[in-house]
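Okay, so here's the structure we're looking at.
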Amino acid sequence: MTPKSVSIFEVGARDGLQNENPVTTQDKIILIEALAKAGIKRIEAASFVSPKWVPQMADSGEVLRNIARQSDVTYSALTPNLKGLELALDAGAEEVAIFGAASQSFSQRNINCSIEESIERFAPVMERAIAANIPVRGYVSCVLGCPYEGDIAVSEVARVSEILYKMGCYEISLGDTIGIGTPDNARRMLETVAEKVPVDKLALHFHDTYGQALANILACLETGVSVIDSSVAGLGGCPYAKGASGNLATEDLVYMLHGLGIETGIDLQLLAQAGNRISQALGRTTGSKVARAISG
């Protein structure tokens with residue numbers, strides 16, 4: 001049941017850069033355009049959250065307005081509330097995302113409310129997005145463990161995922177926020193959620209804190225899941241999750257998928273070049289082992 005092709009949802013320009021030292025608006029635009037040139041079809045380009053909390057994303061409107069868009073690429077934005085959604089629509093976002101958690105403690109620390117309160121807040125966002133004919137993606141954090149609570153019941157992950165799906169999210173991204181998962185529990189979690197939400201409506205967003213992200217994805221591919229979030233050059237982590245060293249590098253993921261004979265439509269050399277350039281702008285080397293190997 002392993003998929004013949006996988007759709008990569010690139011989060012480096014948002015989830016990645018929001019947890020890095022600030023770069024210029026032009027650097028962000030160059031990165032997003034380079035990712036599209038490399039064959040990435042889904043790019044999370046912006047986040048309309050309070051600049052007080054995430055100053056790295058303060059120029060999101062400017063970024064979205066100034067990228068040279070490709071017609072076959074979807075440019076999306078994170079929108080935690082109605083104000084964020086209006087700003088995203090005004091800037092031309094083609095898709096938006098809302099984010100919840102499978103952990104009450106993480107929800108409180110991350111967005112200052114309970115899981116139930118966060119879902120109530122999303123109702124007007126969903127309503128407005130649907131009225132504007134804008135697809136909404138849903139994120140669920142801490143699906144394999146929480147920095148505050150430890151283990152999280154897979155039934156709770158499935159419950160929250162099903163609520164977001166029934167609210168109208170076209171896809172649910174399951175996030176191992178602290179990268180603590182291992183192959184067996186990653187697959188078990190996915191299979192449990194897939195009992196409530198069709199597997200073709202699920203995506204994986206696994207951090208690589210413990211070096212397990214690729215192994216976890218490989219174990220989950222056999223379920224038929226075919227959408228994976230990753231971050232070029234391994235950019236970013238999570239400011240609310242101590243020890244979360246960062247997202248899985250897109251280059252490393254693509255190299256593994258191509259080695260398995262799974263199509264991505266991505267040019268690995270161009271992808272590595274995009275990652276190397278943004279890493280230089282950040283004043284460090286790329287976090288991708290594959291990019292370092294093929295660029296050396």
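The values are calculated or read from the model by the stated rules, or taken from the named source; none is laboratory data. These numbers were taken from a predicted model, which means no experiment stands behind them. Glycine also receives a Cβ, built like all others from the backbone with ideal geometry; neighbour counts cover every protein chain displayed.
Annotations
- Residue count for the range 60-83, restricted to those that are touching a Leu at 6+ places or on another chain (Cβ under 8 Å) and either surrounded by fewer than 22 Cβ atoms within 10 Å (Cβ to Cβ) or without any contact (Cβ under 8 Å) to a residue 12 or more places away in the chain (or both): 1
- Summed over the range 164-183, residues that are touching a helix residue (DSSP H, G or I) at 6+ places or on another chain (Cβ under 6 Å) and either surrounded by 24 or more Cβ atoms within 10 Å (Cβ to Cβ) or more than 23 Å from residue 214 (Cα to Cα) (or both) total 4.
- Which numbered condition residue 230 misses (of (1) touching a Pro at 6+ places or on another chain (Cβ under 8 Å); (2) in a strand (DSSP E or B)): (1)
Okay, residues lined up against (1) outside any helix (DSSP H, G or I); (2) among the acidic types (Asp, Glu); (3) more than 18 Å from the chain's Cα centre (by Cα); (4) at pLDDT below 95:
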| site | (1), (2), (3), (4) |
| --- | --- |
| 152 | yes, no, yes, yes |
| 174 | yes, no, no, no |
| 197 | yes, no, yes, no |
| 204 | yes, no, no, no |
| 211 | yes, no, no, yes |
| 225 | yes, no, no, no |
| 253 | no, no, no, no |
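- All positions within the range 105-154 that are within 20 Å of residue 166 (Cβ to Cβ) and of a type in the set (S, T, N, Q): 107, 114, 118, 133, 141
- Count of the range 38-57 residues which are surrounded by fewer than 16 Cβ atoms within 10 Å (Cβ to Cβ) and either at pLDDT 95 or above or not in a helix (DSSP H, G or I) (or both): 4
- Matching option when the condition is crowded, with 22+ Cβ neighbours inside 10 Å, small (Gly, Ala, Ser) and under 19 Å from residue 31 (Cα atoms), among 186, 233, 213, 281: 233
- Among the residues of the range 1-28, those that are part of a strand (DSSP E or B) and surrounded by 14 or more Cβ atoms within 10 Å (Cβ to Cβ) comprise 7, 8, 9, 10.
- Residue selected from the range 76-127 under the condition in a helix (DSSP H, G or I) and of a type in the set (Phe, Trp, Tyr), by the criterion modelled with the lowest pLDDT: 106
- Per-region count, the range 128-148, residues within 21 Å of residue 213 (Cβ to Cβ) and either in contact with a Lys or Arg (Cβ under 8 Å, 6 or more places away or on another chain) or part of a loop (DSSP other than H, G, I, E, B) (or both): 5
- Under the condition of being outside any loop (DSSP other than H, G, I, E, B), out of contact with any His (no Cβ under 8 Å at 6 or more places or on another chain) and either aliphatic (A, V, I, L, M) or surrounded by 14 or more Cβ atoms within 10 Å (Cβ to Cβ) (or both), the residues counted in the range 260-278 number 9.
- Here the condition is being out of contact with any Ser or Thr (no Cβ under 8 Å at 6 or more places or on another chain) and small (Gly, Ala, Ser); of 158, 215, 219, it holds for 219 alone.
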